[in-house]
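> The structure's right below; bear with me while I get my questions together.
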Amino acid sequence: MSDSALNVLQNTFGFESFRGFQGEVIREVTEGRDALVLMPTGGGKSLCYQVPALVMAGTAIVVSPLIALMEDQISNLKQIGVRAESLHSGVSLEEQYRIEQELFTGHLDLLYVAPERLMTEMMQRKLDQVRVSLFAIDEAHCVSQWGHDFRPEYLQLSVLKTRFPNVPRIALTATADKRTRQEIIERLGLDQARVFVDSFNRANIFYRISQKKQGKQQLLRFLEKEHPEDSGIVYCLSRKRVEDTAAWLNAQGRKALPYHGGMTAYDRKNNQHRFLQEEGMIIVATLAFGMGIDKPDVRFVAHLDLPRSIEAYYQETGRAGRDGLPATAWMVYGLQDVMLLRQIQSNSMAAPEIQRIEQQKLEAMLSLCEVTGCRRQVLLEYFDEPLKEKCGNCDLCLEPVTTWDGTEAARKALSC
Ligand code: ADP
Ligand code: MG
């Protein structure tokens with residue numbers, strides 16, 4: 001490891017040592033080679049490009065799919081004295097002008113850019129005139145047409161390889177199933193990249209999945225018993241259920257706030273802020289909530305409805321226990337969820353091939369619900385990471401099932 005990378009880590013970021021293979025990734029990139037980094041949420045992907053950005057001459061260009069994610073990172077970086085800015089649709093013209101001047105005069109360590117902006121000819125001509133140290137493509141699974149974070153603009157990023165052949169590229173994601181991995185490599189032209197895969201095992205998360213009976217009552221019992229004062233996230237499929245559940249939890253004496261795509265940006269931001277600041281706050285959300293949320297002490301993630309895939313389940317539950325302390329991933333699911341998700345899939349305008357893959361993903365999710373062995377083994381198997389021993393930290397390890405009720409119906413519903 002070069003001295004300067006460790007210096008930057010310690011003096012700028014204030015961390016003692018690199019985590020996992022961060023150091024190796026950083027060496028790969030600073031020596032000018034491409035890298036693909038698969039690391040679970042909260043693993044520390046950002047440093048894999050932020051440290052090189054400070055070690056290497058020139059400006060690092062970071063592609064990120066959400067304005068909120070960019071803004072969050074930039075305000076953190078600025079606080080520690082790193083020269084970082086962003087260009088996206090929310091930046092005023094005057095601001096843009098100022099930022100571009102800083103770029104041209106070599107005064108920026110990192111520039112975060114929305115993909116559609118980066119792909120404009122104008123932006124690329126501007127980059128021709130400056131020294132670009134590296135391209136970082138964060139949330140790289142957005143190139144995957146099979147995933148539900150698909151961003152068509154991400155597909156165009158393949159151009160970077162031919163347009164800027166001498167600039168190393170690093171792509172990062174927490175979605176690691178084989179298909180997505182292969183797609184990222186193909187679509188971004190990363191066949192020369194070294195691939196770094198971190199363990200996806202989140203050993204401190206206890207997994208519990210049960211049949212849905214009276215969902216909200218079951219949730220309340222779980223909260224009373226296991227997390228009477230903790231902060232956590234409750235996921236629901238629809239906006240209406242989010243609103244209802246948040247109101248209901250408040251009526252039961254818990255502090256809960258809704259979060260979904262139908263609320264104004266102001267209300268969403270406000271609720272997110274309160275969730276981060278106030279102790280014991282529960283946020284009830286649709287899938288719109290969570291990407292890039294860095295709250296270390298989320299003690300539980302509860303699903304009142306079935307997620308559409310194991311990737312989604314893993315990502316969402318992965319927001320619990322980032323501080324490494326015990327946390328719970330709790331879920332109830334029922335036949336109705338399966339029917340509803342199937343209906344959403346078949347009503348979508350997606351190509352038949354995509355619908356078929358989505359159906360397979362849903363089936364894999366359902367098999368995680370219905371497994372009788374160890375849940376963690378099934379989960380990690382899905383990510384190509386076999387776990388030899390039973391984990392001892394999931395419902396099925398602690399309370400092995402003897403009977404197998406009701407779920408046969410769900411299976412039949414899926415195969416009809
Ligand atoms: P990811 O993008 O993989 O979800 P982040 O890059 O947002 O994860 O990092 C998650 C958290 O881990 C952040 O709070 C970050 O400061 C912290 N972190 C990352 N690397 C280290 C390290 N080497 N030492 C200590 N903390 C770290
Ligand atoms: Mg990240």
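Computed from the coordinates by the stated procedures, all read-outs in this text should not be read as laboratory data. For clarity, every value in this text was computed on a predicted model and none was experimentally measured. Cβ coordinates were reconstructed from backbone atoms using ideal geometry, including for glycine residues, and neighbour counts include every protein chain displayed.
> Which whole-angstrom value gives the distance between the alpha carbon centres of region 359-381 and region 236-251?
27 Å
> Peptides 41-48, 86-93: what's the order by average Cβ count within 10 Å, highest mean first? Could you put the intermediate results ahead of the total?
On the way: 41-48: 21.8, 86-93: 14.4.
Result, highest mean Cβ count within 10 Å first: 41-48, 86-93.
> Once the other residues with Cβ under 11 Å from the Cβ of Lys216 are scored (Lys, Arg +1; Asp, Glu -1), what is the net sum?
Working: positive: Lys212, Lys213, Arg221, Arg241; negative: Asp244.
Net charge around Lys216: +3.
> Additional query: Based on alpha-carbon centroids, what's the gap between region 16-37 and region 154-183 in Å, whole number please?
Each part reduced to its Cα centre gives a spacing of 16 Å.
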